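Undergrad: My questions all concern the structure below.
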Amino acid sequence: MKIEPFGVEEWMNAYEEKARINVAETCVESLTVGELLDLSGGRESFLDDFFSRKLTYGEIPGSFDLRAHISRLYDTQDEGNLLLAHGGIGANFLALYTLVEPGDRVVVVKPTYQQLYSVPRGFGADVRILSLRPENAFLPDLDELERLAGDRCRLIVLNNPNNPTGALMDGAFLKEVARIAERSGAWLLCDEVYRGLEHDPLEKTPSVVDLYEKAVATGSLSKVFSLAGLRLGWVAGPRDFIRECFSRRDYTTISCGMIDEMLAMRAFSHREKIRERNLSLVRRNASILDGWVNGEQGLSYVRPRAGTTAFIRYDFPVPSEDFCKSLFDFNGAFIVPGRAFDFEGWFRLGYSCATETLEEGLAAISDYIRTL
Ligand SMILES: Cc1ncc(COP(=O)(O)O)c(C=O)c1O
């Protein structure tokens, strides 16, 4: 299998550790182990359990209780519809590995997380890109989707809420996508690792698995729960499909690690507290970001409706990698060039870090822009 280099990951790997002000991150400001335990019933009880654990493989598909907790994120799923994976990235890979054969027609939105189109391409699929455009608020054009899917599409791949744009498809929109998938006989895979981070309290992102029979959703503890260090994600979908995933996963994963699962259990059993912390951070920072973009000559964007990132257009005659690299050299502020998403003249900014970091990062970008 030939695979394209993963643009964003290569960029992050090259600079992230040396960044002075990191406003490229996609997680809501990560929790420490201590913060997680303090938020979720204290340290003592956890330590008792921790020290007495025998370090076996644990339950192979992921602990029953943890899968039961995760299933409550959906209206129609139970623990049998869930399989744990190594992060959202492992969940996406497993779903694609299970669904895609060489020659299959696969329609994928773009810009998005590159894994979602480069992996099916690597598997030899006929990948058709559904371009998300700013003039459509970065939502898919449904006529174009119908045309690309045709009458024999294997899989339609979405990312909702979207990284990098923060665009959000609501329930009515997703039902239209599901109707197109059904007419074409296609599976619908939606990467939902940012689901639950809506800016408008009246908005809620439904999961595709609650809307369509042949739908698969992936999720993760990294972004919404601020626990990327646990490396825990999951695939949700019909039981037969989950069995298919399981037989492939036997060759790569065995289980996900019981210490990670123990900490994940703590997070899920106090989910509301983490949710409140994260939603208030994301909403506060999104509004600071909005004020900054609107006040900064030469920048514009489609205001994100959910998630942790914004995709920002700049009006300076500099290629995006040079723009981001010179910013980094100038004052150590770190963002991601649009080129990593094949969008020149744009950059991705992660605004869900600590508010002070965001403010410092925005001021640093402003200082740099004055030099152009
Ligand atoms: C859309 C999307 N999916 C999946 C991932 C992978 O996340 P993780 O493996 O940490 O859950 C990311 C990370 O940036 C992402 O943005």
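Here, each number is a calculation from the coordinates, and none is a lab measurement. Fair warning: this is a prediction, and the values are worked out from it, not measured in the lab. Virtual Cβ from ideal backbone geometry, glycine too; neighbours counted across all protein chains shown.
Undergrad: Whole percent per 10 Å bin, from 0 to the bin with the longest distance: what is P(r) over all C-alpha pairs of the chain?
TA: Going out from 0 Å in 10 Å bins, the chain shows 5, 24, 33, 26, 11, 1, 0 percent.
Undergrad: Okay, moving on. In Å, what is the Rg of the alpha-carbon atoms in segment 52-269, and how long is Dmax?
TA: Rg and Dmax of segment 52-269, Cα atoms, are 16.8, 58 Å.
Undergrad: Right, here's the next one. Mind pulling the per residue volume of the convex hull built on the Cα atoms of segment 284-367? Å³ is fine.
TA: Cα convex hull per residue, to the nearest whole number: 88 Å³.
Undergrad: Okay, next question. Taking every DSSP beta bridge with both residues inside segment 52-269, roughly what % is antiparallel (nearest 5)?
TA: Percentage antiparallel, nearest 5: 30.
Undergrad: Given Cβ point charges of +1 (Lys, Arg) and -1 (Asp, Glu) and nothing else, what value in debye, to the nearest 20, does the dipole of segment 295-357 about its Cα centre take?
TA: Computed charge dipole of segment 295-357: roughly 280 debye.
Undergrad: Charges at C-beta only: +1 for Lys and Arg, -1 for Asp and Glu. How large is the resulting dipole of the chain about its Cα centre, in Debye rounded to 20?
TA: The dipole of the chain has a size of about 440 debye.
Undergrad: Shifting gears a bit: Hey, can you rank 182-188, 308-314, 130-136 by average C-beta count inside 10 Å, highest first?
TA: 308-314, 182-188, 130-136
Undergrad: If we sort 118-124, 191-197, 271-277 on the protection proxy, mean other Cβ atoms within 10 Å, highest first, what's the order?
TA: Going from most to least packed, we get 191-197, 118-124, 271-277.
Undergrad: Can you work out the Karplus-derived ³J(HN,Hα) for every residue in segment 182-198? Use 6.51 cos²θ - 1.76 cosθ + 1.60 with θ = phi - 60°, whole Hz, and x for glycine or proline.
TA: Here the 3J(HN,Hα) series is 4, 4, 9, x, 8, 6, 10, 10, 10, 7, 10, 5, 9, 5, x, 10, 7 Hz.
Undergrad: Report the antiparallel proportion of the DSSP beta bridges in the chain as a percent, rounded to a multiple of 5.
TA: 50 percent
Undergrad: Related question: Sequence-distant or interchain residues sharing an amide H contact under 5 Å with residue 130, placed H: which?
TA: 108, 109, 110
Undergrad: On to the next question. Quick one: what are the phi-derived ³J(HN,Hα) couplings along segment 354-368, Karplus 6.51/-1.76/1.60 with θ = phi - 60°, whole Hz, x for glycine and proline?
TA: Calculated HN-Hα couplings, in order: 4, 4, 4, 5, 4, 4, 5, x, 5, 5, 5, 5, 4, 4, 5 Hz.
Undergrad: Next up: Output the relative contact order of segment 52-269, whole-number percent, from Cα pairs under 8 angstrom with separation of 6+ residues.
TA: After rounding, I find 28 percent.
Undergrad: Another question, then. State, as an integer percentage, the relative contact order of the chain based on alpha-carbon contacts under 8 Å between residues 6 or more apart.
TA: This gives 25 percent for the chain.
Undergrad: Let me test this: with uniform point scatterers at the alpha carbons of segment 1-158, what is the Debye-based log₁₀ I(q)/I(0) at q = 0.12 1/Å?
TA: -0.82
Undergrad: With θ set to phi - 60° and the Karplus curve 6.51 cos²θ - 1.76 cosθ + 1.60, what are the ³J(HN,Hα) couplings of segment 335-342 in order, to the nearest whole Hz, using x for Gly and Pro?
TA: Once rounded to whole Hz, the list reads 9, 10, x, x, 4, 5, 10, 6.
Undergrad: Next question. Do the sum for the chain: with -39,500 (n - 2.57) for every DSSP H run of n ≥ 4, divided by all residues, what is the mean residue ellipticity at 222 nm, to the nearest 500 deg cm²/dmol?
TA: -12500 deg cm²/dmol
Undergrad: On to the next question. I'd like to know which of 171, 142, 251 lies farthest towards the positive end of the charge dipole of segment 138-268, counting +1 on Cβ of Lys and Arg and -1 on Cβ of Asp and Glu.
TA: Towards the positive end, the residue furthest out is 251.
Undergrad: Taking the Cα centre of segment 52-269 as origin, work out the dipole magnitude from +1 charges on Lys and Arg Cβ and -1 charges on Asp and Glu Cβ, in debye rounded to 20.
TA: 580 debye
Undergrad: Could you tally the net charge around residue 367, taking each other residue with its Cβ under 14 Å from the Cβ of residue 367, Lys/Arg +1 and Asp/Glu -1?
TA: Around residue 367, the charge tally is -2.
Undergrad: Run the numbers on segment 96-170 and let me know its relative contact order in percent, using alpha-carbon pairs under 8 Å that are six or more apart.
TA: Once divided by the residue count of segment 96-170, the mean separation gives 38 percent.
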